[in-house]
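Trainee: Got a structure here, written out as structure tokens. Questions coming.
The values are calculated or read from the model by the stated rules, or taken from the named source; none is laboratory data. Quantities reported herein were computed from a predicted structural model and do not represent experimental measurements. Cβ coordinates were reconstructed from backbone atoms using ideal geometry, including for glycine residues, and neighbour counts include every protein chain displayed. Heads up: the accessible areas ignore ligands, DNA and RNA and are worked out on the full protein's heavy atoms, side chains in. Shrake-Rupley method; radii C 1.70, N 1.55, O 1.52, S 1.80 Å.
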Amino acid sequence: MAYGDRQRLGFFTRLLEDAPAADRYRFAVDQIAAAERAGFDTAWVAQHHFHRDEGGLPSPFVLLSYAAALTHRITLGTGIVTLPLEDPIRVAEDAAVLARLTGGRFELGVGSGATPGSFPPFGKEPAQRAQLYAEHLRRLDDALRGIALTEDGGALYPAAAELRATIWQATFSAAGAARIGAVGHGLMLSRTQPRADGQWSLAEAQRPVVDAYLGALPAGARPRVLVSRTVFVTDDRVTARALAERGLERALPFARRAGVEIPAGASTAEALAILDVHIGTPQDVVDQLAGDTVLRAATDIVFQAHPVDPPHELVLQSIDLIGGVVAPALGWSPVRRAAAFAGGRR
């Protein structure tokens with residue numbers, strides 16, 4: 001499978017550095033600019049409300065607008081907007097404006113959200129999540145299609161029908177993936193995929209979801225499968241060992257919520273492999289990722305530093321090593337070399 005003739009390489013941040021909000025936002029934009037210089041194709045941010053340690057960004061369109069002004073080539077995306085909590089017309093308007101500001105360098109990822117406590121402050125009930133999501137997705141699509149929204153015929157301005165072809169939906173289930181495939185949207189897979197009993201590998205858990213999506217695509221529709229993986233790369237094995245311990249400690253709470261259990265006596269390396277957290281030198285990480293069958297099937301490979309969340313300077317180094325060594329070793333090739341963007345900001 002390929003996106004056109006090649007896989008796209010992406011960078012994703014949840015903005016969870018141990019820093020004040022202003023620094024988190026500055027770090028995220030600096031990392032997006034670094035990803036562009038390293039040749040990455042896409043950069044993604046997630047929306048989370050209220051909880052500092054769940055995610056640091058309630059307003060993704062604002063941050064991506066700022067990032068757009070400081071980049072030239074990289075495509076920016078939301079991974080995801082929590083659609084049940086948003087007015088879908090406002091999402092369409094914000095997406096349309098951002099698409100114009102970026103010259104088309106924007107893709108819209110949406111999902112139903114995973115934090116029940118975020119619903120009541122918006123006057124929503126968590127039990128209505130699926131119903132709200134379906135209704136808001138329909139209204140979002142209507143707005144992007146350009147249907148009349150007012151009694152006097154007023155429609156979305158600026159018009160952005162082309163954004164419909166960029167929509168991604170996130171899901172954990174095969175049934176959800178089939179619904180996404182049936183409408184021709186992109187399938188967005190998270191590294192926090194729940195696992196059934198006996199499933200030790202993330203790829204094993206995600207393969208049925210991908211298959212359901214591909215099986216439901218209309219004839220002739222182009223598949224779009226985005227797969228996210230935790231990757232931190234360093235050329236210093238001492239740093240790698242220290243951050244491996246940190247990564248394991250930080251990953252365990254997320255793993256337990258996804259039904260992942262670590263056998264007693266497992267080494268740090270074995271535990272990280274089960275958790276699908278990849279830390280090490282470029283060759284270490286290439287070796288760890290080489291057997292990931294879902295990664296090979298994806299049109300979009302997206303790497304994130306969470307839940308390791310190293311210091312900002314080390315994330316920048318990791319981005320360079322991923323773009324320069326790891327991703328090419330896995331078969332990715334940049335559209336243009338990073339040197340063409342050495343200036344970074346305009």
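Trainee: May I ask you to list the residues in region 9-26 that are of a type in the set (A, V, I, L, M, F, W, C), within 17 Å of Thr78 (Cα to Cα) and modelled with pLDDT of 95 or more?
Mentor: Across region 9-26, the qualifying residues are Leu9, Phe11, Phe12.
Trainee: Here's another thing I want to ask about it. I'm checking my understanding of the structure. Among residues of region 225-254 that are modelled with pLDDT under 90 and under 20 Å from Gly79 (Cα atoms), which one is surrounded by the fewest Cβ atoms within 10 Å (Cβ to Cβ)?
Mentor: Phe254
Trainee: Continuing with the same structure: Check Asp287 against each of (1) acidic (Asp, Glu); (2) open to solvent by 50 Å² or more (accessible area, probe 1.4 Å); (3) touching a Lys or Arg at 6+ places or on another chain (Cβ under 8 Å) and name the one condition it does not meet.
Mentor: The number of the failed condition is (3).
Trainee: Within region 102-122, can you find the residues that are farther than 15 Å from His49 by Cβ and assigned to a loop (DSSP other than H, G, I, E, B)?
Mentor: Thr102, Gly103, Gly104, Arg105, Leu108
Trainee: Look at region 35-87 and say how many of its residues are under 20 Å from Glu17 (Cα atoms), in a loop (DSSP other than H, G, I, E, B) and of a type in the set (Gly, Ala, Ser).
Mentor: 5
Trainee: What do you reckon, is Gly10 out of contact with any Ser or Thr (no Cβ under 8 Å at 6 or more places or on another chain), buried (at least 20 other Cβ atoms within 10 Å of the Cβ) and closer than 16 Å to Ile322 by Cβ?
Mentor: Spelling it out, it is not the case that Gly10 is out of contact with any Ser or Thr (no Cβ under 8 Å at 6 or more places or on another chain), buried (at least 20 other Cβ atoms within 10 Å of the Cβ) and closer than 16 Å to Ile322 by Cβ.
Trainee: Here's another thing I want to ask about it. Of the residues Ala99, Ala19, which single one is crowded, with 20+ Cβ neighbours inside 10 Å, hydrophobic (A, V, I, L, M, F, W, C) and either outside any strand (DSSP E or B) or without any contact (Cβ under 8 Å) to a residue 40 or more places away in the chain (or both)?
Mentor: Result of the check over Ala99, Ala19: Ala99.
Trainee: Right, next: Which of the residues belonging to region 145-200 are of a type in the set (D, E, K, R), modelled with pLDDT of 95 or more and over 24 Å from Gly77 (Cα atoms)?
Mentor: Correct list: Glu151, Asp152.
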